[in-house]
1. With the structure loaded, tell me whether Glu357 is surrounded by fewer than 16 Cβ atoms within 10 Å (Cβ to Cβ), of a type outside the set (Val, Ile, Thr) and touching a residue at least 12 places away in the same chain (Cβ under 8 Å) or whether it fails that test.
2. How many residues are in contact with a helix residue (DSSP H, G or I) (Cβ under 8 Å, 6 or more places away or on another chain) and in a loop (DSSP other than H, G, I, E, B) if we restrict to the stretch 608-620?
3. Name, by its number, the condition in (1) at pLDDT below 90; (2) touching a helix residue (DSSP H, G or I) at 6+ places or on another chain (Cβ under 8 Å); (3) part of a loop (DSSP other than H, G, I, E, B) that does not hold for Asn562.
4. If you take the residues of the stretch 24-39 that are buried (at least 17 other Cβ atoms within 10 Å of the Cβ) and in a helix (DSSP H, G or I), which of them is farthest from the chain's Cα centre (by Cα)?
5. Residues of the stretch 585-607 being surrounded by fewer than 19 Cβ atoms within 10 Å (Cβ to Cβ) and in a loop (DSSP other than H, G, I, E, B), which ones?
6. What are the residues in the stretch 163-199 that are surrounded by 16 or more Cβ atoms within 10 Å (Cβ to Cβ) and more than 24 Å from Glu35 (Cα to Cα), if any?
7. Does at least one position in the stretch 288-305 carry a residue that is in the same structural domain as Asp244 (by TED's automatic domain parsing), in contact with a strand residue (DSSP E or B) (Cβ under 6 Å, 6 or more places away or on another chain), more than 23 Å from Leu436 (Cα to Cα) and of a type outside the set (Phe, Trp, Tyr)?
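The values are calculated or read from the model by the stated rules, or taken from the named source; none is laboratory data. A quick note: this is a predicted structure, and the numbers were derived from the prediction, not measured. Cβ sites come from the backbone with ideal geometry, for glycine too, and all protein chains shown count toward neighbours.
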Amino acid sequence: MRSTRNKSALYRAFEELFRSGLRMLLKILFRVRVEGEEHFQLSQDPTLIVCNHTSLLDGVMLYAFLPEAPVFLVNKTTAEVWYFKIFLFPISKLLIDDLHPMTLKKAVKQLVAGDPIVVFPEGRITTTGVLMKIYDGPAMLAAKSGAKIMPIGIEGLQHSRFSYLKSTSHLKTLPPVKITVSAPEIFEPHDNLPVKTRRVRRSRTMFEIMQKISLKNTYENENLFESLIRSANKHGESTPIISDPNNPKVTYRSLIARAFILSEFLEPDLLAVSRVGILLPSTVAAATAFFALQHQGKEVVLLNFSGGITPLMKAVSISKIELVITSSTFMDVAGIHEEISTIGKSTKVVFLEDVKERITPKAKLKGLALSLLAKYSDQTHRNNPEPDQCAVILFTSGSEGSPKGVALSHANILKNYAQAQILISINKRDQVLNVLPIFHAFGLVVGLITPLLKGTPSYQYPSPLHYRKIPEICYQQNISCLLGTNTFLANYAKYASEYDFYNVKWVLSGAEKLMQSTKDLWQSRFGVRIFEGYGVTEASPVLAVNHPLYHRENTVGKLLPNIEHRVMDVDGLTEGGELAVKGPNIMLGYLNANGEVSPTSGKLGLGWYDTGDIVEVDDDGFIAIIGRQKRFAKIGGEMVSLATIENFVQDTWPEFEHVAVALEDLQRGEQIVLLTTKVDLQRSELIEAGRKRGLAPIYFAKKVFYIDEVPYLPTGKINHSSLKQLAVELTSDVH
């Protein structure tokens with residue numbers, strides 16, 4: 001970097017000596033490590049350095065560790081605060097007034113002259129621990145000067161006593177600090193667009209750059225158990241972090257100690273085994289078993305206990321499991337004796353109650369001792385897996401066909417956590433309620449792993465179907481973040497008191513389409529806005545999410561950072577196309593018949609995953625899902641969305657449930673059958689309602705049948721496979 005600032009040689013020599021001493025002191029105190037230093041070697045072009053704002057020390061850190069002392073853009077009002085003056089004293093600064101954008105001209109002039117300038121686009125120190133509002137000024141500055149943008153991330157100081165997170169984060173006097181330098185980016189000025197559109201695009205580009213900074217700050221190249229240990233150290237080993245109806249306030253240290261204890265007792269059974277199944281609901285016991293196996297370096301197969309014997313045994317067979325961990329208490333409560341008995345004929349079954357009886361006080365003391373030196377205890381273990389190795393095998397829901405075994409690596413899951421957590425401002429004062437099963441990616445990664453890594457306590461509950469009880473749990477446990485599907489959320493609202501969700505600030509919906517009636521119900525009764533996201537098991541699982549900074553009605557949000565996408569044409573469709581994605585969170589691959597992982601490959605080549613979802617992506621990158629490709633009927637060569645049919649029928653008769661099914665038709669290729677819980681619905685009424693909506697006759701179901709209820713999977717998704725079979729039977733009866 002070069003500078004045209006008018007400084008004497010003596011002043012420069014003194015400043016470098018001062019910066020060198022400051023750098024050495026900060027390295028010792030905060031154990032500072034700098035990644036990406038090679039990116040400091042820039043051309044002579046103007047350079048705008050953008051950085052996240054974590055604490056009062058951010059400017060001092062950059063002043064000390066940048067290869068040349070830069071100029072800092074500082075808000076005029078901020079510079080007048082007495083305690084800021086202490087931290088701003090050694091640095092070169094240019095005071096600006098946010099209320100008078102013309103003052104940015106000085107900064108543009110200095111940039112063009114060659115001085116590297118540092119700006120914090122958030123404009124203030126974070127009070128949430130995640131990315132906050134991004135101001136327009138930095139984007140305008142980059143566009144007007146033609147400067148390259150160098151993104152720099154600071155991680156760790158938000159947990160220091162110099163941050164503004166005193167009531168929401170576990171603070172340390174001298175936490176370790178990481179400074180990540182990314183390659184310079186060329187900022188697209190968008191000069192060919194109208195002024196307002198240009199401003200919006202520039203600001204969103206800056207926001208995306210800041211997202212990438214946060215992503216690099218969050219992700220560490222480690223495995224899941226190492227990540228748990230690092231989170232415990234960051235958020236406090238004695239912090240209560242997970243609970244369930246039988247285990248109140250389990251701390252990080254207790255969870256890690258339990259994992260060490262269980263790991264040691266299971267070790268003789270695990271020596272010759274590479275994959276181990278877990279057949280447990282969302283509980284502290286399930287979390288303990290999961291991390292005990294991660295410590296042992298095993299691939300964990302999370303088994304669906306709700307689908308019956310046939311799919312369960314198929315999963316056991318395909319994944320080549322030689323050992324399954326379960327609970328006799330759970331077996332009694334869930335009534336799965338037959339399933340466990342069948343598994344036991346070919347696979348060894350270990351009951352946690354039997355292990356618990358063998359745990360002696362000496363073993364408990366050893367587990368506690370290991371947890372006190374958790375990082376060392378784990379590092380000296382012989383089975384430490386690498387981040388790119390398979391960590392988890394999950395089976396898809398099978399709502400439209402046979403479930404597939406999805407292999408996810410440690411890096412897949414941790415990268416997806418890093419991609420998504422920067423948008424969700426939960427902290428140690430919040431509490432997440434996870435009612436989703438851990439054999440579902442949403443329940444495992446978002447409901448169990450994310451709170452543990454984020455430092456947010458979670459309450460694990462074994463069933464999402466207790467519609468009356470779950471609202472009461474939200475009230476009693478002061479839940480502030482609730483996860484669910486449209487079906488579950490609609491039913492919780494139906495049975496809840498107006499005050500049950502008084503403390504809820506985040507409701508995240510996924511796995512199925514969020515209905516407008518559900519959103520309106522939560523908003524009107526509880527004053528809570530539901531944020532809809534989009535994900536698939538194959539993506540670990542989150543691909544997009546709406547959040548307070550950027551959201552748009554009737555979409556599932558924007559794709560997370562570092563995910564490439566293509567919208568591929570589909571024969572017969574005039575609008576939208578099939579979404580294909582590629583990124584660090586995309587699975588290793590599917591299990592084949594031999595239990596081996598076949599690398600992910602889609603129509604666009606290796607590493608691409610074809611989602612099968614038909615979407616439209618607008619100019620701002622928001623995704624609207626039209627429907628599943630499998631949920632389109634091809635009638636006379638024209639593609640008809642079953643979701644469109646369901647939506648208009650649902651809007652017309654919202655108090656009932658309706659599902660459209662496509663069946664084979666000898667004359668027109670396929671025909672549409674509507675299954676409904678409205679007992680007296682006639683096809684003539686359907687046609688009249690469709691015409692009022694302006695729909696073509698092709699959208700009117702050929703047959704309408706009444707059913708008692710719509711079958712759902714435990715994940716909250718409609719069981720389309722069983723409904724199609726039912727539709728075939730009903731149609732055959734008519735003939």
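1. no
2. 1
3. With (1) at pLDDT below 90; (2) touching a helix residue (DSSP H, G or I) at 6+ places or on another chain (Cβ under 8 Å); (3) part of a loop (DSSP other than H, G, I, E, B) applied to Asn562, the lone miss is (1).
4. Leu26
5. Across the stretch 585-607, the qualifying residues are Asn592, Ala593, Asn594, Gly595, Glu596, Lys603, Leu604, Gly607.
6. Matches in the stretch 163-199: Tyr164, Leu165, Thr168, Ser169, His170, Pro189, His190, Arg198, Arg199.
7. Yes, that holds for at least one residue.
Quick grid of which residues meet (1) in contact with a strand residue (DSSP E or B) (Cβ under 8 Å, 6 or more places away or on another chain); (2) of a type outside the set (Ser, Thr, Tyr); (3) modelled with pLDDT of 95 or more; (4) surrounded by 24 or more Cβ atoms within 10 Å (Cβ to Cβ):
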{"residue": "Ala391", "(1), (2), (3), (4)": "yes, yes, yes, yes"}
{"residue": "Leu408", "(1), (2), (3), (4)": "yes, yes, yes, yes"}
{"residue": "Leu414", "(1), (2), (3), (4)": "no, yes, yes, yes"}
{"residue": "Ala418", "(1), (2), (3), (4)": "no, yes, no, no"}
{"residue": "Gln421", "(1), (2), (3), (4)": "no, yes, no, no"}
{"residue": "Ser425", "(1), (2), (3), (4)": "no, no, no, no"}
{"residue": "His440", "(1), (2), (3), (4)": "yes, yes, no, yes"}
{"residue": "Pro464", "(1), (2), (3), (4)": "yes, yes, no, yes"}
